[in-house]
1. Look at Glu332 and say whether it is open to solvent by 10 Å² or more (accessible area, probe 1.4 Å), among the charged types (D, E, K, R), assigned to a helix (DSSP H, G or I) and in contact (Cβ under 8 Å) with a residue 60 or more places away in the chain.
2. Going through the range 251-268 one residue at a time, which ones are open to solvent by less than 20 Å² (accessible area, probe 1.4 Å) and either at pLDDT 95 or above or of a type outside the set (A, V, I, L, M, F, W, C) (or both)?
3. Scanning the range 354-372 for residues that are assigned to a helix (DSSP H, G or I) and either open to solvent by less than 30 Å² (accessible area, probe 1.4 Å) or in contact with an Asp or Glu (Cβ under 6 Å, 6 or more places away or on another chain) (or both), which turns out farthest from Trp195 (Cα to Cα)?
4. Tell me, which residue of the range 44-69 that is within 18 Å of Ala21 (Cα to Cα) and free of Cβ contacts under 8 Å to residues at least 24 places away in the same chain is most open to solvent (accessible area, probe 1.4 Å)?
5. Which pairs turn up if I take residues in the range 273-295 that are more than 19 Å from Arg88 (Cβ to Cβ) and of a type in the set (S, T, N, Q) and look for partners that are open to solvent by 10 Å² or more (accessible area, probe 1.4 Å) and not in a loop (DSSP other than H, G, I, E, B) with beta carbon separation below 7 Å, at least 6 apart in sequence or on another chain?
6. Scan the range 116-126 and give yes if some residue there is open to solvent by 10 Å² or more (accessible area, probe 1.4 Å), within 15 Å of the chain's Cα centre (by Cα) and not charged (D, E, K, R), otherwise no.
7. As an exercise: evaluate Val99 against (1) in contact with a Pro (Cβ under 9 Å, 6 or more places away or on another chain); (2) of a type in the set (Val, Ile, Thr); (3) modelled with pLDDT under 95 and give the number of the one condition it does not meet.
Amino acid sequence: MKTPITILIIGFVWPEPNSSAAGTRMLQLIALFQKQGWKVTFASAASDSDFMFDVTSLRVEKVAINLNDSDFDVFIKALNPNIVLFDRFMVEEQFGWRVAEQCPEALRILDTEDLHCLRLARQKAFQEKRSFETEDLFSDTARREIASMLRCDLSLIISEIEMDLLQNQFKIDANLLHYLPFLVDEIDEETTKNWVPFEARKDFIFIGNFLHEPNWNTVQYLKETVWPLIRKKLPEASMQIYGAYPSQKVLQLHQPKEQFLILGRAENAAQVVGKSRVVLAPIRFGAGAKGKLLEAMQCGTPSVTTTIGAESMCGDLPWNGMIADDLESIAEAAMTLYQDKSLWEKAQQNGIAIVNQRYQKSLFESGFIKRVLEVYENLKAHRNNNFIGSLLMHHTTASTRYMSRWIELKNQQTSEKPR
């Protein structure tokens, strides 16, 4: 590889670590790449937002790009990156063929964030009031997402459950996948000294981006069903709901008389979670790993969640609190954990073990970088072993190229019309 190694990240949005776990993960990846001395450029076709992180403060070059625009071809050819990372499969669909045409020797990595087809299949089953079935997976979204993985040289998977599903249900070669969870610092004794103790904490908290449907559904469930049961037994406690991008529908759930509080975006999520006694997250559908529940562990805050919420997060270790799936069990677990100091402190210790044994970045960084370099250095053989992927790239490029250029020409003609 040339020195310094250059990596282009094409973002679905500009990172917003205070809005979503996806934004936090992206900054973790950037930090890891820079730790190797790699030069990082971050490009996105998304509009700037008031809450986006200033990646230039990390010495990352920030580049605005456009969809269906051949200017991107000129840009990436000049940059000539060794590695291109696509932030979610939709980005690979838009730009993957252009990267393959202009920089055929660049390693193409897909960061899936979570398995979209799994999340949407579970959501559909939930909305239809039935159990999720394996057949639900095989949707148009799955066809797009799996095709994107096959076109790439390596896909980053955040959940062990999803690793298993991709290999056993979709029959994806393990050589195309790499398990890479959230990457966080060890929780050491110095960290725990600064945690607020049980007696000084109060209230339940839920935190999550409201643009993410599982979060909005969870808040509705809390308001309509779970919280009324808890409030009867714990009238002094409040249910605090934080989250970015609350709609008017969300804000209308704010009911101070019921101690159900919609508090909007948290300026410092760790601070409000660290003062709360219990994170209450009865998530009914979703996929991937839940950043909010990992953050709870990092703040020393036990949590009550569902099997879906805790999926793949703790492995064989005991949970950072309690797991329950039916209404009465969720409410009972929340009240018990809230009031039982010894149980609460044991749950807190469980959270420390989960973070340190399953998410500590030192456990995963060197293995990931080694894998990336091995694939890059043997890229021709790696791609020859993925003939289906090359076939998909061939046909995608042929079809997408003409559609994209037709849209580009149409856009140019529209902009040139006299006003």
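The values are calculated or read from the model by the stated rules, or taken from the named source; none is laboratory data. None of the values given here were measured: they were computed from a predicted structure. Counting neighbours? That spans all protein chains shown, and the Cβs are built from the backbone with ideal geometry, glycine included. Just so you know, the surface numbers come from the protein's heavy atoms only, side chains and all, with ligands and any DNA or RNA stripped out. Shrake-Rupley method; radii C 1.70, N 1.55, O 1.52, S 1.80 Å.
1. Taking the combined requirement at face value, the residue does not satisfy it.
2. Within the range 251-268, Phe260, Ile262, Gly264 qualify.
3. Val372
4. Asp50
5. What qualifies is Ser276/Gln240.
6. Within the range 116-126, one or more residues are open to solvent by 10 Å² or more (accessible area, probe 1.4 Å), within 15 Å of the chain's Cα centre (by Cα) and not charged (D, E, K, R).
7. Val99 satisfies every listed condition except (3).
One line per residue, one yes/no per condition, for (1) open to solvent by 10 Å² or more (accessible area, probe 1.4 Å); (2) in contact (Cβ under 8 Å) with a residue 12 or more places away in the chain; (3) hydrophobic (A, V, I, L, M, F, W, C):
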residue	(1), (2), (3)
Asp71	yes, no, no
Val74	yes, no, yes
Asn80	yes, yes, no
Met90	yes, yes, yes
Gln94	yes, yes, no
Trp97	no, yes, yes
Glu101	yes, yes, no
Glu105	yes, yes, no
Arg108	yes, yes, no
